[in-house]
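What follows is a short report on a single structure.
The values are calculated or read from the model by the stated rules, or taken from the named source; none is laboratory data. Only a predicted model underlies this, so the values are computations on that prediction, with no experimental measurement involved. Every residue, glycine among them, receives a Cβ derived from its backbone with ideal geometry; neighbour counts consider all protein chains shown. Ligands, DNA and RNA are excluded from the accessible area calculation, which covers all protein heavy atoms including side chains. Shrake-Rupley method; radii C 1.70, N 1.55, O 1.52, S 1.80 Å.
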Amino acid sequence: MSYSSKEERVHHVFETIYENYDSMNSVISFKQHTLWRKDVMKRMHVSPGDSALDVCCGTGDWSISLAKAVGTDGKVIGLDFSENMLSIAKEKGEQEQLDEIQWIHGNAMELPFEDNQFDYVTIGFGLRNVPDYMTVLKEMYRVVKPGGMVVCLETSQPTLVGYRQLYYFYFQFIMPLLGKFIAKSYQEYSWLQESAKNFPDKNQLKQMFFDAGFKYVDVKTYAGGGAAMHMGHKS
């Protein structure tokens, strides 16, 4: 199947793999992605009553963590452009009885919010899938409040010789095979490894945060550099 744009291809991928997305994430990351997100949440210091936007929220796990942190007096919006992924997120939110989450079908490239709306804006393993990284970083900068925080948790590029080659071998050959046998989606998981391989490394992404307007950017790596958190502060 051919696509006229990255956006169309990514949309097809996530509309296709949504039912197996969570289980495949656990297999691919050896369940480490949940531990990384918990560590990031500790570093964010989200308080009851805060407001948060989770961009490219997917099946909603980070949105749900944020909702539990902000409590009933807070507000969380989970936004994604795949309605199938959002359907899973909505089911999870209902099971957790988290009425403070609002799920929105929308595009990260053009966030449907006024300037300076949120205390926190997050994006977890979604930035590599957007058509233009800088456009999305600038949009997230625009909608976060002065003094607020934009947090990205994403795959990155390992630098350790030996481990780097093993990492790329796993993503290029093993992960698509897992997708084929577990989720029956070889082509879709081939795309995910391609997007991870082409994503900027932690230093390049840190500079992009500065270019988007952030004054302070904290970086923390996980899995030997295979994943990284970037936390940008809007002064």
| query | Which residue pairs have Cβ atoms closer than 8 Å, lie 6 or more positions apart in sequence or on different chains, and pair a first residue in the stretch 140-159 that is within 18 Å of W62 (Cβ to Cβ) with a second residue that is open to solvent by 10 Å² or more (accessible area, probe 1.4 Å) and of a type in the set (S, T, Y)? | reply | V144/Y120; G148/Y120; M149/Y120; V150/Y120; V150/Y141; V151/Y120; S156/T221
| request: For the stretch 130-147, state whether one or more residues are small (G, A, S) and open to solvent by less than 10 Å² (accessible area, probe 1.4 Å). | output: no
| message | Return the pair list, or none, for Cβ contacts closer than 7 Å from residues in the stretch 95-118 that are closer than 22 Å to D73 by Cα to residues that are hydroxyl-bearing (S, T, Y) and in a loop (DSSP other than H, G, I, E, B), at least 6 apart or on different chains. | response | E100/T72
| message | Yes or no: the stretch 102-122 includes at least one residue that is modelled with pLDDT under 95 and open to solvent by 10 Å² or more (accessible area, probe 1.4 Å). | response | no
| said: Of everything in the stretch 43-56, what is open to solvent by 10 Å² or more (accessible area, probe 1.4 Å) and within 26 Å of E7 (Cα to Cα)? Give them in sequence order. | reply: C56
| query | For the stretch 79-95, how many residues meet the condition of being open to solvent by less than 10 Å² (accessible area, probe 1.4 Å) and not in a helix (DSSP H, G or I)? | reply | 2
| All but one of (1) at pLDDT below 90; (2) of a type outside the set (K, R); (3) in a helix (DSSP H, G or I); (4) crowded, with 18+ Cβ neighbours inside 10 Å hold for P158; which doesn't? | (3)
